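The values are calculated or read from the model by the stated rules, or taken from the named source; none is laboratory data. Note that the structure is a prediction, hence the values are computed from the model and not measured. Neighbour counts are summed over all protein chains in view; Cβ atoms, including those assigned to glycine, are modelled from backbone coordinates with ideal geometry. Just so you know, the surface numbers come from the protein's heavy atoms only, side chains and all, with ligands and any DNA or RNA stripped out. Shrake-Rupley method; radii C 1.70, N 1.55, O 1.52, S 1.80 Å.
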Amino acid sequence: MQKLELPNKATSDSLSRPAHCSKHGDYTEFGRQIVGHVIWFGCSKCQAEERRRLEKIQKLEEARRHAWKYRHLFGQWLPKAFDLPLDRFEVLDTVMGDAYCIAEEYVRNFFRYRNEGRGLFLTGTPGTGKTKLACGILKELFPDIVGCYVTLTDLGDRIRQTWRTEAGEYPPFSEAQLMNAVCRAPVLVLDEIGTIAKAQDGELLFKVINARYSELRPTICISNLSLPELCELYSSRLSRRIEERNQEILFNWTPWQERKTKSDQEFLGR
């Protein structure tokens, strides 16, 4: 006995016709007949572009929400003076060019470095652009990766602020929220390490670095001190963890302000 085959509704109701898109040219438009009505779907390339546009907007909005959380906890996402793209880092000589190339390569291969928990250690003379380069890296990774920027001094002060509340008053954030933000951020820029030596900040610094070290979360450390000096100031445990996972970039050129002063004097002396 021959098997009776019923027509496939999806196939029988599918329609097609030649059409023209002002952007993509001629194409075959597909449609569907539903309850006596015909619905045409339009240009599939335009629809794909619109989906990508909406996905990009959604990613940007989500990234801005993450940045707002850091702003709520630390008063800023990036310092206004350093909220600049990476390519705004001015390269004046070969040594500065080497530092910039390391930063650019780190951004380009960040997802591989992130899996390995690898970061950077920016050290050297004050005023040479360490913070500017590190913040440029965060700016370049946004919105795919929303990193966190904070100075060690500010982090310590804000944590201590949660301890000194008056009766009946509550701080806008808790110590747990602050520590969770810096320990779990996809990438952390920790600035001014060793600038102001407070005993409790040394303990805090190791706690943050060790937590991120253990969970393979990359950290960009910024300090005017070298690793041996940090070892002497804090501990060898701290310096070993930084040295093992972070590529060092030495900022040993003339500070920006001295360059500008010298340039102005040369200009006036003409």
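Per residue, the accessible area of the chain comes to 62 Å² when a 1.4 Å probe rolls over the protein heavy atoms. For TRP40, TRP68, TRP77, the ranking by accessible surface with the largest value first comes to TRP68, TRP40, TRP77, using a 1.4 Å probe.
From the coordinates of this entry, Kirkwood radius over Cα pairs in Å is computed, and it appears in (1) 20.1; (2) 18.8; (3) 22.5 under the label (3).
For the pair ARG53 and LEU15, the difference between a 0.36 nm per residue extended length and the Cα-Cα distance amounts to 10.9 nm. Give me the one-decimal nm value for the distance between modelled label points at LEU216 and LEU60, 7 Å along each residue's Cα-to-Cβ direction. In this crude label model, LEU216 to LEU60 measures out at 3.3 nm.
Judged by a Cβ-Cβ distance under 4.7 Å, the unpaired cysteines of the chain are CYS101, CYS135, CYS148, CYS183, CYS221, CYS231.
The value of relative contact order for the range 1-153, using C-alpha pairs under 8 Å at least six residues apart, is 21 percent. Around the amide H of GLN247, modelled in the peptide plane, lie the amide H atoms of GLY119, LEU120, PHE121, all under 5 Å away and 5 or more residues distant in sequence or on another chain. Remark: the ASN180-ARG112 segment gains 22.1 nm on full extension, using 0.36 nm per residue and subtracting the alpha carbon distance. Taking the square roots of 5 times each eigenvalue of the Cα gyration tensor of the range 76-174, largest first, gives ellipsoid semi-axes of 32, 16, 12 Å. In the range 16-75, the convex hull through the Cα atoms has an average projected area of 6.5 nm², a quarter of its surface area. With 23 Å as the limit on Cα-Cα distance, the pairs of LYS56/LYS139; LYS23/LYS56; LYS80/LYS130; LYS56/LYS132 that go past it are LYS56/LYS132. Put simply, the amide H of LEU15, placed in the peptide plane, has neighbours under 5 Å in GLY31, ARG32, GLN33, leaving out anything fewer than 5 places away on its chain. For a label point 7 Å from the Cα of TRP163 along Cα→C-beta, name the residues of the range 182-209 whose backbone N is under 14 Å from it. From the range 182-209, the list is 198-205. Carbon-plus-sulfur accessible fraction, the chain (probe radius 1.4 Å, protein heavy atoms only): 51%. Each residue was assigned an accessible area with a 1.4 Å probe, and for ARG259 the value is about 60 Å².
Here the chain is treated with +1 on each Lys and Arg Cβ and -1 on each Asp and Glu Cβ, and its dipole about the Cα centre works out to around 820 debye.
Annotation: ASP157 carries an accessible surface of approximately 60 Å², with a 1.4 Å probe and no ligand, DNA or RNA atoms counted. Long hydrophobic helices in the chain, taken as whole DSSP H segments with a C-alpha length of 20 Å or more on their own axis and mean Kyte-Doolittle hydropathy at least -0.5: 94-108, 199-214.
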